[in-house]
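Scroll down for the structure; my scribbles are underneath it.
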Amino acid sequence: MKGNQFYIVFGVIAVVLLGAAGFYCYKGFDTYKAAGGEFETRRTALLRLKRSEPYPNEENLNAITKEVTEYEGEIKGLFKILDRFQQPLNTTVNDTQFPQILKSKIEAFKALAKEKGIKINEEDKFYMAMDAYRTTLPDPKAVPLLDYELGAIEYLLNILAEAGITQLIDLDRELLPIEMPANGNNAAAPLEGSAVAAKYPVSLTFETKHPAFEKLINQITNDDKYFFILRALRVDNSEKEGLLKGGGDNGDAGPSYTNAAGDKAPMDLVSQIPRDLEVPAQISWMREKGYELQSSDARILLGNESLRVFMVVDLVRFADAAGKGVKGGAKGKKKAGAKGRGKGRGAKN
């Protein structure tokens, strides 16, 4: 009896294990079948891609070509607009002619300065920021761009003169890359900097009055002959103190009011002016009391002070126009004079 019970329990356990194994195999077969189906799908897609012609097809290629052509046309149109803001490079000027052109422009500006009553500090040393070419010739490959920069500097100085500056203190420029001694025999193309535009900084220090300063800033930033960018600007006022409002001998601050007899308004009356009123209303309030504002005793008139101005102006040249000039790349020995500083010595402070 006991032996039969053993076989019965063993049989039940075996049946359960076989059932579990069968269920596990069934579930595993479903996973295997799904994975095999996905593999076959991807294999079929891969074979189809290998047999297909690669993109772009002719239709897509034509569409892309049309878009690229339209884009290039818009870019060319933009450069044509920018090209109006710069003068073409003069490729006919050679290295022996440039010093004479430089001297003629220097003398022309000195004559203009004398006519306008402008003082040039250390006038005998003034050389339009191109001292290196007093006694030496420039690198022939640099001449077109030097001539262009010289024209822009002369133009800037004329703007200052016509605006009414009173004194030119200092004039300086950064050397062109082709003028740098470190460049050795590597000739630089006219366009230095980014692929789109090159910037050639010129710095100026001068004295002027406020109206002239306002006029020249407006002209520089809105000029249509050269593309100038005002990179840096510092203005020092000759008067460090603000407007002196008081006119009395006791040094009282504030506006001064007098009546028809010329008597000053008493301070206790002035102190009663409602401070929440705007200035015109305060003046009207005092007028009702029989007193008028006296502005003639203001000791400093804003706008008439002498200003000392330092500015850095970038002369910008765009790629399209620069490409019409001289191209670099040729090897040649640099002239000794091209290694000097581009200092047009108005004066040192």
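The values are calculated or read from the model by the stated rules, or taken from the named source; none is laboratory data. Values in this document were obtained by computation on a predicted structure and should not be read as measured data. Cβ: placed from backbone, ideal geometry, glycine included. Neighbour counts: every protein chain shown. These accessible areas exclude ligands, DNA and RNA; they are computed on the full protein's heavy atoms, side chains included. Shrake-Rupley method; radii C 1.70, N 1.55, O 1.52, S 1.80 Å.
How much length is gained if the chain between TYR155 and ASN90 is pulled fully straight, taking 0.36 nm per residue apart and subtracting their Cα-Cα distance, in nm to one decimal?
Details: separation 65, 0.36 × 65 = 23.40 nm, distance 1.62 nm.
Separation in residues times 0.36 nm, less the Cα-Cα distance, equals 21.8 nm.
Cα-Cα over 28 Å: which of LYS66/LYS225; LYS119/LYS141; LYS141/LYS215; LYS76/LYS215; LYS103/LYS225? Show your work: numbers first, answer last.
On the way: LYS66/LYS225 35 Å; LYS119/LYS141 35 Å; LYS141/LYS215 37 Å; LYS76/LYS215 34 Å; LYS103/LYS225 23 Å.
Where the Cα-Cα span goes over 28 Å, the pairs concerned are LYS66/LYS225; LYS119/LYS141; LYS141/LYS215; LYS76/LYS215.
Among LYS264, LYS105, LYS125, LYS76, what's the order by accessible area (1.4 angstrom probe), most exposed first?
Descending order: LYS76, LYS264, LYS125, LYS105.
Using modelled amide H (1.01 Å from N, peptide plane; none on Pro or chain starts), what sits under 5 Å from the amide H of ARG231, excluding residues fewer than 5 places away?
Under 5 Å from the amide H of ARG231 lie the amide H atoms of VAL312, VAL313, ASP314, each far enough along the sequence or on another chain.
How large is ³J(HN,Hα), in whole Hz, for each residue of the range 37-52 in order, when computed from phi with the Karplus curve 6.51 cos²θ - 1.76 cosθ + 1.60 and θ = phi - 60°, using x for Gly and Pro?
These are the phi-based 3J(HN,Hα) values: x, 5, 4, 5, 5, 5, 5, 5, 4, 4, 5, 5, 5, 5, 7, 7 Hz.
At R0 = 22 Å, how high is the FRET efficiency between HIS210 and GLU292 if r is their beta carbon distance? Nearest 0.05 is fine. Could you put the intermediate results ahead of the total?
On the way: r = 28 Å, r/R0 = 1.27.
The calculated FRET efficiency here is 0.20.
Over all distinct alpha-carbon pairs, what is the Kirkwood Rh of the range 84-153 in angstrom? Please list the in-between numbers first.
Details: mean 1/r = 0.0764 Å⁻¹.
Its Kirkwood hydrodynamic radius stands at 13.1 Å.
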